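Asker: Structure incoming, see below.
Quick note: the coordinates plus some simple rules give every number you see, no bench work behind them. On a predicted model such as this, the values are computed, not experimentally measured, just so you know. Here the Cβ is made from the backbone with ideal geometry for all residues, glycine too, and neighbour counts use every protein chain on show.
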Amino acid sequence: MSEDPTSRMDLYRLYLATAEKVSDRRALANTWMLSVNSAIVGFYGYLAAGKTPLGEPGGGIWLLAIPAAGILVCLAWAALLASYSKLNGAKFKVLQEIEEGLPFPVFRREQEVYRAAGRRSLSSVERLVPWCFAGLYGVLLVAAAAIAAR
């Protein structure tokens, strides 16, 4: 890599912009998945309230199928989050490598301060959301199966 500080800074800015784009896409993916899960829960509530036009026999199968589909959506969401987390992690490692030739390593220092404060990474908290929905779907699935077995 060139030792020219200006070109290093230009590379840093360009690469930082790509990291920000990944974070923006990740936020949009989370918004979309949250919307999908909200729609699934809402539809389940609608059917569970007996508003299904399919009648009781047809409606009962949906009360099993919808939570199962919700669990699959949550698994996909969790995989997507893991992928974005790995990509962001790699980008920030590269940014820290570029920082080594700059006057102050802001991302390395931020990480040190954040960890010293005992904070968990946002991605570790973010990863809990699909598992919470999956847990809800599991409870709904077990409840629907118990009702169907009666």
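Asker: What do you get for the angle between helix 128-149 and the principal long axis of the chain? Use alpha-carbon atoms, 0 to 90 degrees, nearest ten.
Answerer: 10 degrees
Asker: Here's another thing I want to ask about it. Contact order normalised by length for the chain, with contacts defined as Cα pairs under 8 Å and 6 or more residues apart; what percent is it?
Answerer: That works out to 36 percent.
Asker: Taking the Cα centre of the chain as the origin, how large is its charge dipole in debye, to the nearest 20, when only Lys and Arg (+1) and Asp and Glu (-1) carry charge on their Cβ atoms?
Answerer: The dipole of the chain has a size of about 420 debye.
Asker: So what's the angle, to the nearest 10 degrees on a 0 to 90 scale, between helix 55-99 and the longest Cα principal axis of the chain?
Answerer: With both axes taken from Cα atoms, the answer is about 10 degrees.
Asker: With unit charges on the beta carbon (Lys/Arg positive, Asp/Glu negative), name the residue among Ala145, Pro103, Ala68 whose Cα is farthest towards the positive pole of the charge dipole of the chain.
Answerer: The residue sitting most towards the positive pole is Ala145.
Asker: Once both labels are modelled 7 Å past Cα along the beta-carbon direction, what's the Leu64-Ala39 spacing in nm?
Answerer: Modelled inter-label distance: 2.5 nm.
Asker: Along the Cα→Cβ direction, 7 angstrom out, place labels at Val94 and Asp24. What is the inter-label distance in nm?
Answerer: Once both label points are built, they end up 1.7 nm from each other.
Asker: If you don't mind, there's one more thing I want to ask. How much length is gained on full extension from Arg120 to Thr31, taking 0.36 nm per residue of separation minus their Cα-Cα distance?
Answerer: Gain on extension, Arg120 to Thr31, equals 29.9 nm.
Asker: Separate question: To the nearest 10 degrees, how steeply does helix 5-48 sit against the main Cα axis of the chain, on a 0 to 90 scale?
Answerer: 10 degrees
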